[in-house]
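Q: Sending over a structure as structure tokens; questions will come in a sec.
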Amino acid sequence: FPNDFGHRLLTLEGPTIYYQTNLGAVVALDAETGLLRWVATYPRLDRIGGGAQDRDLNPAIVHDGRVIVAPDDANAIFAFDAASGRLVWKTDPLPDEVKLAHLLGVAKGRLIATGDRVLLFDVKNGKLLHSWPDTGHGYEGYGRGLLAGDKIYWPTRNEIHVLFQENGLRSDPPIRLQETFQESGGNLAVGDGYLVVAQD
């Protein structure tokens, strides 16, 4: 929706707010005054030609002095210096068949992204290290996953897949939501020893 400027999430880190516009720019603002600290741009895809990606609410990730974004108007992930806005790295263009919906965060030196599969990138340089599943097309992601302990929890329509953060390999059998509980996937949260699934 070219005229949809709403529904963007902000990221607060220390005295700075980072705003991913999904309009060719990432902005850093002073959290107290609202003054502009920097604006960084990236190459956009033409939305008219069908270039918009199927991204969900996807705020910037701030890690180790870098602001990492996966804009829905680009086919790559970008890391900018948090203090200056200088581009530190960008991933290779993601293939058209890869659907990226969320950046979950950084763990074990890996930037973890999900969509129709789980992707692990080296957080130092943006190089793709692992994709799960690694053969054929992926699953239909269904909600935002999470990182907890040393695991990745990734919801699909009928299951929650549990993978190791370090290598993206399966760590436990999937939690079979449909088969066991007659429920579907959704956004995940964790706390007090519980895994919570927020459904539509």
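The values are calculated or read from the model by the stated rules, or taken from the named source; none is laboratory data. Keep in mind the model is a prediction, meaning the values are calculated, not measured. As a convention, Cβ positions derive from the backbone with ideal geometry for all residues, glycine included, and neighbour counts pool all protein chains shown. Keep in mind that these areas ignore ligands, DNA and RNA; they rest on the heavy atoms of the full protein, side chains included. Shrake-Rupley method; radii C 1.70, N 1.55, O 1.52, S 1.80 Å.
Q: Every residue in segment 163-183 that is open to solvent by 30 Å² or more (accessible area, probe 1.4 Å), over 21 Å from the mean Cα position of the chain (by Cα) and under 20 Å from GLU140 (Cβ atoms), please.
A: Matches in segment 163-183: PRO173, ILE175, ARG176, GLN178, GLU179, THR180, PHE181, GLN182, GLU183.
Q: Out of the residues in segment 80-96 that are of a type in the set (A, V, I, L, M) and over 13 Å from VAL39 (Cα atoms), which is modelled with the highest pLDDT?
A: It comes out as VAL88.
Q: To continue, here is another question. Can you pull out every residue in segment 132-150 that is in contact (Cβ under 8 Å) with a residue 12 or more places away in the chain and farther than 27 Å from ASP200 by Cβ?
A: Within segment 132-150, just ASP150 meets the criteria.
Q: Of all residues in segment 81-94, how many are open to solvent by less than 20 Å² (accessible area, probe 1.4 Å) and hydroxyl-bearing (Ser, Thr, Tyr)?
A: 1
Q: Moving on to the next point. Filter segment 126-147 for residues that are open to solvent by 80 Å² or more (accessible area, probe 1.4 Å) and either under 24 Å from PHE80 (Cβ atoms) or at pLDDT 95 or above (or both) and give the result.
A: Listed by number, the residues that qualify are LYS127, LEU128.
Q: Looking at segment 152-166, which of its residues are of a type in the set (Phe, Trp, Tyr) and within 15 Å of ALA113 (Cβ to Cβ)?
A: Listed by number, the residues that qualify are TYR153, TRP154.
Q: Could I ask something else about it? Would you mind stating whether ARG44 is more than 15 Å from the chain's Cα centre (by Cα), farther than 21 Å from LYS124 by Cα and either among the hydroxyl-bearing types (Ser, Thr, Tyr) or at pLDDT 95 or above (or both)?
A: no
Q: Another question, if that's okay. Inspect segment 34-47 for any residue being under 30 Å from GLY149 (Cα atoms) and hydrophobic (A, V, I, L, M, F, W, C) and give the result as yes or no.
A: Among the residues of segment 34-47, not one is under 30 Å from GLY149 (Cα atoms) and hydrophobic (A, V, I, L, M, F, W, C), which makes the answer no.
Q: Name the one entry in GLU159, GLU183, GLU140 that is under 21 Å from VAL98 (Cβ atoms) and either touching a helix residue (DSSP H, G or I) at 6+ places or on another chain (Cβ under 8 Å) or of a type in the set (Lys, Arg) (or both).
A: After ruling out the rest, the residue left standing is GLU159.
Q: Within segment 19-28, restricting attention to residues that are at pLDDT 95 or above and either touching a His at 6+ places or on another chain (Cβ under 8 Å) or open to solvent by less than 10 Å² (accessible area, probe 1.4 Å) (or both), which residue is nearest to LEU45 (Cα to Cα)?
A: Checked segment 19-28; the qualifying residue nearest to LEU45 (Cα to Cα) is VAL26.
Q: Specify the residue that is nearest to ASP46 (Cα to Cα); the eligible residues are those in segment 56-80 that are open to solvent by 40 Å² or more (accessible area, probe 1.4 Å) and of a type in the set (D, E, K, R).
A: Looking at residues that are open to solvent by 40 Å² or more (accessible area, probe 1.4 Å) and of a type in the set (D, E, K, R), I get ASP56.
Q: Still on this structure, please answer the following. Which condition number in (1) over 20 Å from LEU120 (Cα atoms); (2) out of contact with any Leu (no Cβ under 7 Å at 6 or more places or on another chain); (3) in a loop (DSSP other than H, G, I, E, B) is the one that GLY185 fails?
A: For GLY185, the failing item is (2).
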